[in-house]
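These notes are about the structure you will find just below.
The values are calculated or read from the model by the stated rules, or taken from the named source; none is laboratory data. Just so it is clear, the model here is predicted, and its values are computed rather than measured. Because the Cβ atoms are built from the backbone with ideal geometry, glycine has one as well, and the counts that use them run over all protein chains shown.
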(Lines give C-alpha, C1' and ligand atoms only; values in the text may rest on other atoms or scores of the structure.)
Protein backbone atom coordinates (compact mmCIF):
# COMPACT_ATOMS: atom_id res chain seq x y z
CA UNK A 1 0.00 0.00 0.00
CA UNK A 2 1.36 3.43 -0.94
CA UNK A 3 1.83 6.30 1.47
CA UNK A 4 -0.70 8.48 -0.43
CA UNK A 5 -3.90 9.75 1.19
CA UNK A 6 -7.26 8.17 0.37
CA UNK A 7 -8.54 8.70 -3.16
CA UNK A 8 -11.74 10.61 -3.78
CA UNK A 9 -13.58 7.33 -4.43
CA UNK A 10 -12.21 5.70 -1.25
CA UNK A 11 -13.08 8.79 0.79
CA UNK A 12 -16.65 8.74 -0.53
CA UNK A 13 -16.99 5.06 0.41
CA UNK A 14 -15.51 5.73 3.85
CA UNK A 15 -17.89 8.64 4.49
CA UNK A 16 -20.87 6.46 3.55
CA UNK A 17 -19.75 3.53 5.72
CA UNK A 18 -18.93 5.82 8.64
CA UNK A 19 -22.42 7.35 8.57
CA UNK A 20 -24.04 3.90 8.35
CA UNK A 21 -21.88 2.68 11.24
CA UNK A 22 -22.87 5.67 13.40
CA UNK A 23 -26.53 5.00 12.59
CA UNK A 24 -26.15 1.33 13.50
CA UNK A 25 -27.42 0.31 10.04
CA UNK A 26 -25.83 -3.15 9.82
CA UNK A 27 -27.52 -4.08 6.55
CA UNK A 28 -26.37 -0.82 4.99
CA UNK A 29 -22.78 -1.39 6.19
CA UNK A 30 -22.58 -4.86 4.62
CA UNK A 31 -24.64 -3.81 1.60
CA UNK A 32 -27.05 -6.74 1.81
CA UNK A 33 -30.83 -7.02 1.99
CA UNK A 34 -32.59 -7.81 5.30
CA UNK A 35 -33.59 -11.18 3.83
CA UNK A 36 -30.02 -12.06 2.78
CA UNK A 37 -28.89 -15.54 3.75
CA UNK A 38 -25.70 -16.26 5.69
CA UNK A 39 -23.68 -16.97 2.53
CA UNK A 40 -24.33 -13.43 1.23
CA UNK A 41 -23.62 -11.91 4.64
CA UNK A 42 -20.32 -13.81 4.87
CA UNK A 43 -19.29 -12.89 1.32
CA UNK A 44 -19.95 -9.21 2.00
CA UNK A 45 -18.01 -9.37 5.27
CA UNK A 46 -14.98 -11.07 3.70
CA UNK A 47 -14.74 -8.42 0.99
CA UNK A 48 -15.31 -5.43 3.29
CA UNK A 49 -12.94 -6.67 6.01
CA UNK A 50 -10.25 -7.11 3.38
CA UNK A 51 -10.83 -3.63 1.90
CA UNK A 52 -11.07 -1.74 5.21
CA UNK A 53 -8.73 -3.61 7.55
CA UNK A 54 -6.59 -0.89 9.21
CA UNK A 55 -3.40 -2.86 8.40
CA UNK A 56 -4.03 -2.31 4.68
CA UNK A 57 -3.92 1.46 5.12
CA UNK A 58 -1.54 2.14 8.02
CA UNK A 59 1.31 3.38 5.84
CA UNK A 60 -0.86 5.94 4.10
CA UNK A 61 -1.22 9.60 5.06
CA UNK A 62 -4.63 9.32 6.67
CA UNK A 63 -4.79 11.96 9.40
CA UNK A 64 -8.19 11.82 11.10
CA UNK A 65 -9.32 9.18 8.59
CA UNK A 66 -7.24 6.53 10.40
CA UNK A 67 -9.59 6.63 13.39
CA UNK A 68 -12.63 6.55 11.09
CA UNK A 69 -11.28 3.50 9.25
CA UNK A 70 -10.77 1.71 12.56
CA UNK A 71 -14.31 2.64 13.65
CA UNK A 72 -15.75 1.40 10.36
CA UNK A 73 -13.79 -1.88 10.54
CA UNK A 74 -15.01 -2.54 14.09
CA UNK A 75 -18.61 -2.01 12.97
CA UNK A 76 -18.17 -4.20 9.87
CA UNK A 77 -17.14 -7.03 12.21
CA UNK A 78 -19.97 -6.22 14.62
CA UNK A 79 -22.51 -6.23 11.79
CA UNK A 80 -21.27 -9.61 10.58
CA UNK A 81 -21.44 -11.17 14.04
CA UNK A 82 -24.99 -9.94 14.60
CA UNK A 83 -26.42 -10.76 11.17
CA UNK A 84 -24.73 -14.15 10.80
CA UNK A 85 -26.37 -15.47 13.98
CA UNK A 86 -30.09 -16.23 13.75
CA UNK A 87 -30.96 -15.19 17.32
CA UNK A 88 -28.84 -12.02 17.19
CA UNK A 89 -30.38 -11.03 13.87
CA UNK A 90 -33.89 -11.57 15.26
CA UNK A 91 -33.10 -9.31 18.24
CA UNK A 92 -31.62 -6.70 15.89
CA UNK A 93 -34.84 -6.70 13.82
CA UNK A 94 -36.92 -6.40 16.99
CA UNK A 95 -34.90 -3.46 18.41
CA UNK A 96 -34.33 -1.58 15.11
CA UNK A 97 -37.63 -1.88 13.26
CA UNK A 98 -37.41 1.49 11.50
CA UNK A 99 -33.82 0.94 10.37
CA UNK A 100 -34.58 -2.56 9.06
CA UNK A 101 -37.75 -1.36 7.31
CA UNK A 102 -35.85 1.49 5.63
CA UNK A 103 -33.07 -0.91 4.58
CA UNK A 104 -35.64 -3.30 3.07
CA UNK A 105 -37.33 -0.49 1.12
CA UNK A 106 -34.00 0.89 -0.07
CA UNK A 107 -32.87 -2.52 -1.28
CA UNK A 108 -36.16 -3.13 -3.11
CA UNK A 109 -35.88 0.27 -4.83
CA UNK A 110 -32.30 -0.53 -5.84
CA UNK A 111 -33.36 -3.90 -7.26
CA UNK A 112 -36.22 -2.32 -9.27
CA UNK A 113 -33.90 0.35 -10.63
CA UNK A 114 -31.29 -2.25 -11.54
CA UNK A 115 -33.93 -4.27 -13.44
CA UNK A 116 -35.07 -1.15 -15.28
CA UNK A 117 -31.51 -0.25 -16.25
CA UNK A 118 -30.89 -3.81 -17.43
CA UNK A 119 -34.07 -3.80 -19.51
CA UNK A 120 -33.20 -0.43 -21.07
CA UNK A 121 -29.66 -1.56 -21.86
CA UNK A 122 -30.92 -4.80 -23.41
CA UNK A 123 -33.47 -2.95 -25.55
CA UNK A 124 -30.85 -0.46 -26.69
CA UNK A 125 -28.39 -3.24 -27.57
CA UNK A 126 -31.11 -4.85 -29.72
CA UNK A 127 -31.77 -1.57 -31.53
CA UNK A 128 -35.12 -1.02 -29.87
CA UNK A 129 -36.59 2.06 -28.27
CA UNK A 130 -36.18 1.54 -24.49
CA UNK A 131 -39.38 3.52 -23.87
CA UNK A 132 -41.49 1.54 -26.39
CA UNK A 133 -44.10 -0.79 -24.85
CA UNK A 134 -42.98 -4.37 -24.53
CA UNK A 135 -44.13 -7.06 -26.93
CA UNK A 136 -46.75 -9.57 -25.95
CA UNK A 137 -45.27 -12.37 -23.91
CA UNK A 138 -45.24 -15.67 -25.81
CA UNK A 139 -47.17 -18.66 -24.54
CA UNK A 140 -45.46 -21.86 -23.40
CA UNK A 141 -46.50 -23.59 -26.67
CA UNK A 142 -45.02 -20.78 -28.77
CA UNK A 143 -41.75 -20.90 -26.84
CA UNK A 144 -41.53 -24.67 -27.21
CA UNK A 145 -42.14 -24.41 -30.97
CA UNK A 146 -39.42 -21.77 -31.39
CA UNK A 147 -37.00 -23.90 -29.37
CA UNK A 148 -37.66 -26.93 -31.64
CA UNK A 149 -36.98 -24.84 -34.71
CA UNK A 150 -33.81 -23.40 -33.15
CA UNK A 151 -32.50 -26.87 -32.32
CA UNK A 152 -33.05 -28.02 -35.91
CA UNK A 153 -31.14 -25.01 -37.21
CA UNK A 154 -28.31 -25.31 -34.71
CA UNK A 155 -24.93 -25.45 -36.43
CA UNK A 156 -21.75 -27.19 -35.14
CA UNK A 157 -20.48 -23.94 -33.67
CA UNK A 158 -23.61 -23.55 -31.55
CA UNK A 159 -23.22 -27.12 -30.31
CA UNK A 160 -19.58 -26.44 -29.47
CA UNK A 161 -20.59 -23.34 -27.50
CA UNK A 162 -23.19 -25.34 -25.62
CA UNK A 163 -20.60 -27.98 -24.76
CA UNK A 164 -18.20 -25.28 -23.56
CA UNK A 165 -20.91 -23.81 -21.33
CA UNK A 166 -21.53 -27.22 -19.81
CA UNK A 167 -17.82 -27.57 -19.08
CA UNK A 168 -17.76 -24.15 -17.46
CA UNK A 169 -20.78 -25.09 -15.36
CA UNK A 170 -18.92 -28.22 -14.22
CA UNK A 171 -15.88 -26.17 -13.23
CA UNK A 172 -18.12 -23.78 -11.28
CA UNK A 173 -19.65 -26.70 -9.40
CA UNK A 174 -16.23 -28.03 -8.43
CA UNK A 175 -15.12 -24.53 -7.43
CA UNK A 176 -18.16 -24.19 -5.15
CA UNK A 177 -17.40 -27.51 -3.42
CA UNK A 178 -13.78 -26.48 -2.78
CA UNK A 179 -14.91 -23.07 -1.54
CA UNK A 180 -17.42 -24.55 0.90
CA UNK A 181 -14.76 -26.90 2.27
CA UNK A 182 -12.28 -24.04 2.59
CA UNK A 183 -14.88 -21.86 4.29
CA UNK A 184 -15.63 -24.67 6.74
CA UNK A 185 -11.91 -25.12 7.53
CA UNK A 186 -11.42 -21.36 7.91
CA UNK A 187 -14.31 -21.03 10.38
CA UNK A 188 -12.90 -24.02 12.31
CA UNK A 189 -9.51 -22.29 12.62
CA UNK A 190 -7.61 -24.70 10.33
CA UNK A 191 -6.14 -21.92 8.21
CA UNK A 192 -3.50 -23.99 6.37
CA UNK A 193 -6.11 -26.50 5.20
CA UNK A 194 -8.47 -23.68 4.26
CA UNK A 195 -5.80 -22.06 2.06
CA UNK A 196 -5.35 -25.34 0.14
CA UNK A 197 -9.07 -25.77 -0.62
CA UNK A 198 -9.63 -22.08 -1.40
CA UNK A 199 -6.67 -22.08 -3.78
CA UNK A 200 -8.39 -24.81 -5.80
CA UNK A 201 -11.67 -22.90 -5.72
CA UNK A 202 -9.95 -19.86 -7.22
CA UNK A 203 -8.22 -22.02 -9.83
CA UNK A 204 -11.56 -23.39 -11.04
CA UNK A 205 -13.38 -20.06 -10.89
CA UNK A 206 -10.87 -17.22 -11.10
CA UNK A 207 -13.53 -14.54 -11.66
CA UNK A 208 -15.43 -15.20 -8.43
CA UNK A 209 -14.65 -12.27 -6.10
CA UNK A 210 -16.13 -14.07 -3.07
CA UNK A 211 -13.75 -17.01 -3.47
CA UNK A 212 -10.74 -14.78 -4.05
CA UNK A 213 -11.49 -12.49 -1.10
CA UNK A 214 -11.62 -15.36 1.40
CA UNK A 215 -8.58 -17.03 -0.21
CA UNK A 216 -6.47 -13.88 0.14
CA UNK A 217 -7.69 -13.34 3.70
CA UNK A 218 -6.82 -16.93 4.71
CA UNK A 219 -3.48 -16.81 2.91
CA UNK A 220 -2.57 -13.57 4.68
CA UNK A 221 -3.44 -15.07 8.08
CA UNK A 222 -1.50 -18.27 7.33
CA UNK A 223 1.57 -16.30 6.25
CA UNK A 224 1.39 -14.09 9.36
CA UNK A 225 1.06 -17.14 11.63
CA UNK A 226 4.06 -18.89 10.09
CA UNK A 227 6.14 -15.71 10.32
CA UNK A 228 5.36 -15.31 14.05
CA UNK A 229 6.34 -18.94 14.69
CA UNK A 230 9.67 -18.50 12.92
CA UNK A 231 10.40 -15.26 14.82
CA UNK A 232 9.67 -16.95 18.14
CA UNK A 233 11.98 -19.84 17.22
CA UNK A 234 14.68 -17.36 16.20
CA UNK A 235 14.42 -15.41 19.43
CA UNK A 236 14.62 -18.65 21.43
CA UNK A 237 17.74 -19.77 19.55
CA UNK A 238 19.29 -16.34 19.97
CA UNK A 239 18.71 -16.44 23.73
CA UNK A 240 20.88 -19.59 23.82
CA UNK A 241 23.47 -17.91 21.55
CA UNK A 242 22.65 -20.30 18.69
CA UNK A 243 23.04 -17.46 16.23
CA UNK A 244 23.15 -19.49 13.02
CA UNK A 245 19.94 -21.28 13.93
CA UNK A 246 18.39 -17.92 14.83
CA UNK A 247 19.44 -16.48 11.47
CA UNK A 248 17.91 -19.45 9.67
CA UNK A 249 14.56 -18.90 11.42
CA UNK A 250 14.57 -15.14 10.79
CA UNK A 251 15.23 -15.80 7.10
CA UNK A 252 12.24 -18.18 6.98
CA UNK A 253 10.10 -15.53 8.70
CA UNK A 254 11.11 -12.92 6.10
CA UNK A 255 10.20 -15.29 3.28
CA UNK A 256 6.57 -15.13 4.47
CA UNK A 257 6.61 -11.39 3.62
CA UNK A 258 5.03 -10.35 6.97
CA UNK A 259 3.49 -6.94 7.57
CA UNK A 260 5.75 -6.39 10.60
CA UNK A 261 9.39 -5.33 10.09
CA UNK A 262 10.69 -7.17 13.19
CA UNK A 263 12.06 -10.32 11.45
CA UNK A 264 13.94 -8.18 8.90
CA UNK A 265 15.41 -6.13 11.75
CA UNK A 266 16.51 -9.23 13.69
CA UNK A 267 18.03 -10.72 10.55
CA UNK A 268 19.94 -7.52 9.75
CA UNK A 269 21.53 -7.44 13.20
CA UNK A 270 22.71 -11.05 12.88
CA UNK A 271 24.05 -10.45 9.37
CA UNK A 272 26.18 -7.65 10.81
CA UNK A 273 27.22 -9.75 13.78
CA UNK A 274 28.08 -13.00 11.97
CA UNK A 275 28.95 -11.99 8.42
CA UNK A 276 29.86 -8.29 8.69
CA UNK A 277 27.91 -7.82 5.46
CA UNK A 278 26.82 -4.21 5.73
CA UNK A 279 25.13 -4.01 2.31
CA UNK A 280 22.89 -7.02 2.92
CA UNK A 281 22.11 -5.75 6.42
CA UNK A 282 21.22 -2.35 4.92
CA UNK A 283 18.75 -3.98 2.53
CA UNK A 284 17.03 -5.79 5.42
CA UNK A 285 16.93 -2.66 7.58
CA UNK A 286 15.36 -0.64 4.78
CA UNK A 287 12.65 -3.28 4.42
CA UNK A 288 12.14 -3.33 8.19
CA UNK A 289 11.74 0.47 8.28
CA UNK A 290 9.26 0.45 5.39
CA UNK A 291 7.10 -2.14 7.15
CA UNK A 292 7.39 -0.60 10.66
CA UNK A 293 7.93 3.10 9.91
CA UNK A 294 7.35 4.28 13.50
CA UNK A 295 9.68 1.78 15.18
CA UNK A 296 12.40 3.98 16.72
CA UNK A 297 14.83 1.09 17.30
CA UNK A 298 14.75 0.08 13.64
CA UNK A 299 15.13 3.68 12.45
CA UNK A 300 18.12 4.25 14.73
CA UNK A 301 19.85 1.06 13.55
CA UNK A 302 19.30 2.14 9.94
CA UNK A 303 20.64 5.64 10.66
CA UNK A 304 23.74 4.27 12.40
CA UNK A 305 24.50 1.96 9.48
CA UNK A 306 24.07 4.79 6.98
CA UNK A 307 26.57 6.80 9.03
CA UNK A 308 29.07 3.92 9.08
CA UNK A 309 28.80 3.59 5.29
CA UNK A 310 29.44 7.30 4.82
CA UNK A 311 25.92 8.02 3.59
CA UNK A 312 25.53 11.18 5.64
CA UNK A 313 22.38 12.60 4.03
CA UNK A 314 20.54 9.32 4.49
CA UNK A 315 21.70 9.03 8.09
CA UNK A 316 20.64 12.62 8.79
CA UNK A 317 17.19 11.95 7.33
CA UNK A 318 16.71 8.86 9.54
CA UNK A 319 17.85 10.64 12.73
CA UNK A 320 15.40 13.46 11.93
CA UNK A 321 12.64 10.92 11.37
CA UNK A 322 13.33 9.43 14.80
CA UNK A 323 13.13 12.88 16.38
CA UNK A 324 9.83 13.41 14.61
CA UNK A 325 8.56 10.32 16.42
CA UNK A 326 10.39 10.89 19.73
CA UNK A 327 11.58 14.49 20.05
CA UNK A 328 13.61 13.75 23.16
CA UNK A 329 15.58 10.78 21.80
CA UNK A 330 19.15 11.33 23.02
CA UNK A 331 20.75 8.86 20.63
CA UNK A 332 19.15 10.51 17.60
CA UNK A 333 20.23 13.98 18.72
CA UNK A 334 23.80 12.76 19.28
CA UNK A 335 23.87 11.00 15.92
CA UNK A 336 22.53 14.07 14.14
CA UNK A 337 25.31 16.24 15.60
CA UNK A 338 28.05 13.78 14.60
CA UNK A 339 26.90 12.96 11.07
CA UNK A 340 28.39 14.83 8.16
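Points worth noting:
- Meets criteria (over 30 Å from residue 304 (Cβ atoms) and surrounded by fewer than 17 Cβ atoms within 10 Å (Cβ to Cβ)) for residue 171: yes
- Residue count for the range 235-252, restricted to those that are modelled with pLDDT under 90 and in contact with a helix residue (DSSP H, G or I) (Cβ under 6 Å, 6 or more places away or on another chain): 2
- Evaluation of residue 206 against (1) buried (at least 18 other Cβ atoms within 10 Å of the Cβ); (2) part of a loop (DSSP other than H, G, I, E, B) (one fails), failing number: (1)
- Residue within the range 233-242 that is buried (at least 17 other Cβ atoms within 10 Å of the Cβ), in contact (Cβ under 8 Å) with a residue 24 or more places away in the chain and over 33 Å from the mean Cα position of the chain (by Cα) present: yes
- The helices (runs of 4 or more DSSP H) found wholly in the range 4-107 and carrying at least 1 residues that are farther than 24 Å from residue 186 by Cβ and in contact (Cβ under 8 Å) with a residue 60 or more places away in the chain occupy 8-23, 26-30, 65-83, 86-95.
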